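The values are calculated or read from the model by the stated rules, or taken from the named source; none is laboratory data. Computed from a predicted model, the values in this text were never measured in an experiment. A quick note on method: Cβ atoms are made from the backbone with ideal geometry, for glycine too, and the neighbour counts reach across all protein chains shown. The accessibility values were calculated without ligands, DNA or RNA, using every heavy atom of the protein model including side chains. Shrake-Rupley method; radii C 1.70, N 1.55, O 1.52, S 1.80 Å.
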Amino acid sequence: HTSSSINTLGLHSWQYGRFEMRGRINISTGLWPAFWTLGVKGQWPSNGEIDIMEYYKGNILANIACGTAEPHKAEWYSKTKAVADLGGVKWAAEFHVWRMDWDGNRIALYVDDVLLNEVPLNKLQNKDGTGINPFKQPHYILLNLAMGGMNGGELSDTKFPNRFEVDYVRVYQRK
């Protein structure tokens, strides 16, 4: 099996704005599509992670992570929504718009204009004593379709080929 990832690391990064992706995900067992960002400075998770869209094990996730006093251990601000509650396979077969509105005060994550998660930036400071807020720095974008593993799950029943289809990704910023 192969999977893919597209990211803008070293090409372009953004601090604040509206980030949108119109796409269609496959909800087959074992698949783990995501539209997310990472901060350009620091090691994970102290560089900050924003999962604008993540899917695995039957759920859409809208996550934000910052660092803790323990290296490589994240503090997660997570919300999940069961795909079954959204309409199941029929819902997943359609294109949807995932969006993040990020400014100096908050991060808000949506699907089809429905708010999934909102966290004030003042809660997102790393808990390692540095005083660094990883969401007050530029982030780069990642789009990927992972397969299997801890979150993707077992691939033995997964039918291939599979797709994570992206119609567009847009970033809007104020001057």
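The table below gives the values:
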quantity	calculated
Region 70-86, residues that are open to solvent by less than 40 Å² (accessible area, probe 1.4 Å) and within 13 Å of ILE25 (Cβ to Cβ)	VAL83
Matching entry among LEU115, LEU145 (being open to solvent by less than 50 Å² (accessible area, probe 1.4 Å) and either within 21 Å of ALA62 (Cβ to Cβ) or at pLDDT 90 or above (or both))	LEU145
Test for LYS136: is it basic (Lys, Arg) and in contact with a helix residue (DSSP H, G or I) (Cβ under 8 Å, 6 or more places away or on another chain)	yes
First in region 105-130 and closer than 19 Å to ASP51 by Cβ, second anywhere and open to solvent by 40 Å² or more (accessible area, probe 1.4 Å) and polar (S, T, N, Q), Cβ under 6 Å, 6 or more apart	LEU121/ASN105
1 or more residues of a type in the set (A, V, I, L, M) and open to solvent by 60 Å² or more (accessible area, probe 1.4 Å): qualifying strands (runs of 3 or more DSSP E) within region 1-43	4-7
Among the residues listed as GLY48, GLY67, the single one being open to solvent by less than 30 Å² (accessible area, probe 1.4 Å), on the phi < 0 side of the Ramachandran plot, at pLDDT 95 or above and small (Gly, Ala, Ser)	GLY67
